[in-house]
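The structure appears right after this line, and notes come after that.
The values are calculated or read from the model by the stated rules, or taken from the named source; none is laboratory data. The shown structure was predicted, so the numbers you read here are calculated from the model rather than taken from an experiment. FYI the Cβ positions are ideal-geometry reconstructions off the backbone, even for glycines, and counts take in every protein chain you see. We work out accessible area using only protein heavy atoms, side chains counted, and drop any ligands, DNA or RNA first. Shrake-Rupley method; radii C 1.70, N 1.55, O 1.52, S 1.80 Å.
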Amino acid sequence: MRRSLKRKLTLAASIVVPLSGVAAGGMYAVGELAKPQMDAQTFCAPEADQHNVAIFAEASFGHVASDRQKHDLEAAILKAYADAPANARFSFFTTAAGRDGAIAESFRGGCKPAATPGEWSALGLAAKPPAYLKRQAKEAEATFNAHTDAFLNLANDPDLKAKDSPVLEQLAAISKVRFAGGLDRLIVYSDGMQNTELARFCSHKGHMPAYAKFARDNPRFAAFTPESLQGVQVELLLVEHGPLPNTMFPYCTTVELRTWWADYFAAHGADMRLTPLRTGAQ
């Protein structure tokens with residue numbers, strides 16, 4: 001009798017232990033399923049404090065870049081992606097194809113997904129095998145490269161160029177976009193030649209005084225003053241077509257144009273780095 005009772009107790013214990021393991025595993029699985037999921041289309045994970053990169057390429061009839069300068073833009077975009085943290089969101093903006101209104105309209109975009117278990121876990125996402133994360137990172141990079149190619153084609157298509165150059169208007173519009181977590185980095189690709197009713201830089205006398213005077217004395221600018229760019233890392237890729245002044249732009253020098261944009265971004269709190277793209281590069 002005692003042996004029979006002992007065998008029954010041992011059998012019961014052998015059943016209870018595995019069942020408790022199954023229950024724990026089930027709870028873990030439920031917990032993983034309850035975690036946020038990454039968007040399969042954009043590769044973005046929901047995150048309140050997301051790193052944001054905006055890329056703006058001016059595309060106007062007066063802005064004709066060389067192949068070398070176009071390559072410089074592509075290189076800057078790809079480097080920004082390589083340097084970005086996990087889950088950084090990229091948003092593309094251009095004045096091409098009628099995208100030069102007062103409201104900034106993003107062209108595609110997406111995120112750089114977490115590529116390691118540590119990055120994935122830090123975003124609070126359900127666990128995935130390392131091989132899966134590696135494969136997904138390659139897929140996301142290929143998608144980003146395709147978006148970049150499409151963006152460059154759009155920005156450089158002569159049939160889609162804007163009739164004017166609303167650089168100030170577009171920068172103000174981008175500053176007003178409600179990026180989740182705020183804007184961290186802005187890449188601007190432009191020759192800097194503002195050309196709208198707001199101002200016509202270098203082609204009209206008195207239209208580009210020192211920035212402080214421009215902001216103070218141009219009543220139209222109040223509507224296009226950007227929101228604070230405090231803490232934003234700005235990379236200005238300034239497309240240069242030759243030394244200034246010249247016959248097309250007789251009312252400014254190269255140094256004055258560079259200084260104007262440096263003062264503009266500094267006045268609004270940005271940490272700006274200006275890179276003149278090689279004059280006459282082919």
Share of carbon and sulfur in the accessible heavy-atom surface of the stretch 160-255 [1.4 Å probe, %]: 57 percent
Cut-off 13 Å between beta-carbons: net charge of the residues surrounding residue 106, Lys and Arg +1, Asp and Glu -1: +4
Nonlocal amide H pairs with residue 52, under 5 Å, H built at 1.01 Å: 89, 184, 185
Among 89-102, 114-127, 210-223, the order from most to least packed when residues are scored by Cβ within 10 Å on average: 89-102, 114-127, 210-223
Residue 162 long-range amide H proximity, modeled H, under 5 Å: 59, 60, 61, 97
Cα-Cα over 25 Å, subset of 163/213; 79/138; 70/161: 163/213
Net charge, residue 85 excluded, C-beta distance under 12 Å - Lys, Arg +1, Asp, Glu -1: -2
Of all accessible heavy-atom area on the stretch 57-152, the percent that carbon and sulfur account for (1.4 Å): 55 percent
Karplus (6.51, -1.76, 1.60) ³J(HN,Hα), θ = phi - 60°, over the stretch 222-227, in Hz, Gly and Pro reported as x: 4, 6, 10, 6, x, 5
Under-5 Å amide H pairs with residue 93, H placed in peptide plane, nonlocal only: 55, 56, 57, 107
